[in-house]
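Engineer: To start, I am sharing the structure in question, which I have written as structure tokens.
The values are calculated or read from the model by the stated rules, or taken from the named source; none is laboratory data. Nothing here was measured: the structure is a model prediction, and the numbers come from that model. So basically every Cβ, Gly included, is an ideal-geometry build from the backbone, and we count neighbours across all protein chains shown. Each accessible area value is taken on the protein alone, full model and side chains, heavy atoms only, with ligands, DNA and RNA left out. Shrake-Rupley method; radii C 1.70, N 1.55, O 1.52, S 1.80 Å.
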Amino acid sequence: MSQTKPVYASFKSIGAYVPEKILSNADLEKMVDTTDEWIVKRTGISERRIAAEDEYTSDMGVKAAELAIERSGISKDEIDLVLCATVTPDYFNMPSTACIISDKLGIKNVQAFDISAACSGFVYLLSVAKAFIESGMKKNVLVVGAEKFSSIVDYTDRSTCILFGDGAGAAMLCATDKKEEGFIDLHASADGSYADFLVTPAPGSINPVSQKVIDEGLNFVQMKGNETFKLAVKTLTKDVKEILAKNEINADDIPHFIPHQANYRIIKAVGDALKMREDQVVVTVGKYGNTSAASIPMAINDIWESGRLQTGELMLLDTFGGGLTWASALLPFAGKSI
Ligand code: UT7
């Protein structure tokens with residue numbers, strides 16, 4: 001009887017892209033009734049990046065993907081699946097942004113599709129890539145988290161416009177027979193009863209494009225900020241405690257805790273609840289704001305490019321977003337150090 005060898009999914013490389021234009025707190029002071037002091041104190045954010053008018057989600061995704069592909073050592077024609085997580089796709093209905101990214105990269109005739117899980121999108125993507133690879137269906141999966149969040153932000157709403165930014169991150173996930181290069185664990189979940197905490201009411205089947213949508217600004221993101229904040233701290237902390245306990249790993253032994261970058265106060269509260277040291281917790285929210293599905297891969301790229309992330313080191317990812325959705329993952333970085 002022939003026995004198939006187990007296959008594991010390894011996180012081989014990372015890449016990211018941010019647009020040139022910086023939107024600073026001083027700029028926002030001129031647009032809405034806010035102050036740099038309030039924004040920094042309540043969110044930790046000093047600036048965020050804004051894509052050019054003719055720079056689309058797919059363009060940013062392609063730039064991040066090109067770096068991830070080059071750094072993985074895998075050639076484009078070995079890629080057999082392209083996945084994109086975004087809530088700001090090039091087109092809201094079709095085609096998917098993953099299809100456009102594949103085309104712009106010159107990756108032909110492979111399966112490509114988007115997933116929608118808001119800020120949890122990247123870790124959700126990892127779960128899909130992992131399942132495809134471990135089932136033997138695919139070998140080399142390109143995953144992209146990309147957002148042009150500025151396209152759904154109302155720049156007269158001070159409670160949201162201070163938070164979000166644009167950017168993209170990408171990674172290559174590849175099949176390996178080395179168990180030590182694979183995921184230790186991944187957990188993803190959702191609760192749609194909190195759907196109204198973070199919502200973009202239009203366009204969609206409930207609110208197709210109409211004069212009402214334009215007049216009422218239903219195409220912009222709406223958030224119950226304070227309620228979302230409290231639930232984020234509770235859920236992120238619980239999720240991380242569970243994944244660590246299940247795998248009998250101490251928070252102390254995690255060199256890189258990479259939480260979703262929504263608000264520094266959320267990151268600090270979760271880090272403190274887990275008794276993490278400052279050097280374990282990755283923080284990029286100050287310079288990029290909340291880039292939704294791009295936030296975690298952009299943060300991984302940051303520590304990789306600065307030489308902090310080395311081959312074989314453990315990463316603990318933890319995310320939370322619209323849906324509501326949340327997810328955590330425990331995995332080694334299987335790529336080359338810089
Ligand atoms: O990525 C998905 C997950 N997203 C999140 O996790 C976001 C979670 N939420 C947050 O980050 C925070 O709730 C915010 C930063 C959005 C708001 O901070 P907060 O400490 O929760 O403030 P709040 O909403 O309770 O508002 C407190 C006050 C209000 O004024 P009053 O009613 O007390 O007079 C707001 O109107 O702060 C006011 N406020 C502002 N003041 C100056 C709200 N936004 C601003 C602003 N500048 N930009």
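Engineer: Tell me which of these THR319 doesn't satisfy, since it passes every other one: (1) crowded, with 24+ Cβ neighbours inside 10 Å; (2) within 22 Å of GLY73 (Cα to Cα); (3) β-branched (Val, Ile, Thr).
Structural biologist: (2)
Engineer: Scan the range 213-236 for residues that are under 17 Å from PRO201 (Cβ atoms) and not acidic (Asp, Glu) and jot them down. Steps first, please.
Structural biologist: Here is the first cut: in the range 213-236, the residues under 17 Å from PRO201 (Cβ atoms) are 213-225, 228.
Passing the criteria: VAL213, ILE214, GLY217, LEU218, ASN219, PHE220, VAL221, GLN222, MET223, LYS224, GLY225, THR228.
Engineer: Sticking with this one: From the list ALA52, ALA64, exactly one residue is surrounded by 15 or more Cβ atoms within 10 Å (Cβ to Cβ) and either within 24 Å of TYR91 (Cβ to Cβ) or within 16 Å of the ligand (Cβ to nearest atom) (or both). Which is it? Before the answer, list the steps.
Structural biologist: Working: ALA52 fails: surrounded by 15 or more Cβ atoms within 10 Å (Cβ to Cβ).
Checking each option against the conditions leaves just ALA64.
Engineer: Continuing with the same structure: Considering only the range 273-282, I want to know if a residue exists there that is under 24 Å from TYR194 (Cβ atoms), open to solvent by 10 Å² or more (accessible area, probe 1.4 Å) and assigned by TED's automatic domain parsing to the domain that holds MET223. Let's see the steps before the verdict.
Structural biologist: Residues of the range 273-282 that are under 24 Å from TYR194 (Cβ atoms), as a first pass: 273-274.
Checking which are open to solvent by 10 Å² or more (accessible area, probe 1.4 Å) leaves us with 273-274.
Filter once more, so that each one left must be assigned by TED's automatic domain parsing to the domain that holds MET223: 273-274.
Looking for residues that are under 24 Å from TYR194 (Cβ atoms), open to solvent by 10 Å² or more (accessible area, probe 1.4 Å) and assigned by TED's automatic domain parsing to the domain that holds MET223, one finds at least one in the range 273-282, hence yes.
Engineer: Counting only residues that are aromatic (Phe, Trp, Tyr) and within 12 Å of the ligand (Cβ to nearest atom), how many does the range 256-310 have? Write out each step before concluding.
Structural biologist: So in the range 256-310, the residues aromatic (Phe, Trp, Tyr) come out as 257, 264, 288, 304.
Narrowing further to those that are within 12 Å of the ligand (Cβ to nearest atom): 264.
Residues in the range 256-310 being aromatic (Phe, Trp, Tyr) and within 12 Å of the ligand (Cβ to nearest atom): 1 in total.
Engineer: Does any residue in the range 115-141 that is under 17 Å from LYS178 (Cβ atoms) come within less than 6 Å, Cβ to Cβ, of a residue that is open to solvent by 60 Å² or more (accessible area, probe 1.4 Å) and more than 16 Å from the ligand (Cβ to nearest atom) six or more places away or on a different chain, and which pairs are these?
Structural biologist: Short answer, once both residue conditions are applied: ASN140/GLU78.
Engineer: Here is a follow-up. Taking the range 283-314, which residues are within 30 Å of ALA195 (Cβ to Cβ) and either charged (D, E, K, R) or part of a loop (DSSP other than H, G, I, E, B) (or both)? Write out each step before concluding.
Structural biologist: If we filter the range 283-314 for residues that are within 30 Å of ALA195 (Cβ to Cβ), which is where we start, we get 283-286, 288-300.
Once the filter is applied, which keeps residues that are within 30 Å of ALA195 (Cβ to Cβ) and either charged (D, E, K, R) or part of a loop (DSSP other than H, G, I, E, B) (or both), the range 283-314 yields VAL283, THR284, GLY289, THR291.
Residues are listed down the side, and each one gets a yes or a no for (1) free of Cβ contacts under 8 Å to residues at least 12 places away in the same chain; (2) part of a helix (DSSP H, G or I):
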| site | (1), (2) |
| --- | --- |
| ASP215 | yes, yes |
| PHE229 | no, yes |
| VAL233 | no, yes |
| THR237 | no, yes |
| ALA245 | yes, yes |
| ILE249 | no, no |
| ARG265 | no, yes |
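Engineer: Next up: Does at least one position in the range 214-223 carry a residue that is open to solvent by 30 Å² or more (accessible area, probe 1.4 Å), within 13 Å of the ligand (Cβ to nearest atom) and of a type outside the set (Val, Ile, Thr)?
Structural biologist: Filtering the range 214-223 down to residues open to solvent by 30 Å² or more (accessible area, probe 1.4 Å) leaves 214-216, 219-220, 222-223.
In the following step, the residues that additionally are within 13 Å of the ligand (Cβ to nearest atom) were identified as 222-223.
Then drop every residue that is not of a type outside the set (Val, Ile, Thr), which leaves 222-223.
Checking the range 214-223: at least one residue is open to solvent by 30 Å² or more (accessible area, probe 1.4 Å), within 13 Å of the ligand (Cβ to nearest atom) and of a type outside the set (Val, Ile, Thr).
Engineer: Out of (1) on the phi < 0 side of the Ramachandran plot; (2) in a loop (DSSP other than H, G, I, E, B); (3) in the same structural domain as ASP253 (by TED's automatic domain parsing); (4) away from the ligand (no atom under 16 Å from the Cβ), what's the single condition that is false for ILE338?
Structural biologist: Of (1) on the phi < 0 side of the Ramachandran plot; (2) in a loop (DSSP other than H, G, I, E, B); (3) in the same structural domain as ASP253 (by TED's automatic domain parsing); (4) away from the ligand (no atom under 16 Å from the Cβ), only one is false for ILE338: (3).
Engineer: Here's something else I'd like to know. For the range 311-335, how many residues are within 13 Å of the ligand (Cβ to nearest atom) and closer than 25 Å to GLU180 by Cα? Before you say what the answer is, go through the steps one by one.
Structural biologist: Initial filter on the range 311-335 (within 13 Å of the ligand (Cβ to nearest atom)): 318-327.
Subset that is closer than 25 Å to GLU180 by Cα: 318-319, 327.
Total meeting the criteria: 3.
Engineer: LEU317 is checked against (1) touching a strand residue (DSSP E or B) at 6+ places or on another chain (Cβ under 9 Å); (2) not in a strand (DSSP E or B) and fails just one. What number does that condition carry?
Structural biologist: (2)
Engineer: Could you tell me which numbered condition ALA195 fails, if it satisfies all but one of (1) away from the ligand (no atom under 16 Å from the Cβ); (2) touching a residue at least 12 places away in the same chain (Cβ under 8 Å)?
Structural biologist: Evaluating ALA195 over (1) away from the ligand (no atom under 16 Å from the Cβ); (2) touching a residue at least 12 places away in the same chain (Cβ under 8 Å) leaves (1) as the failure.
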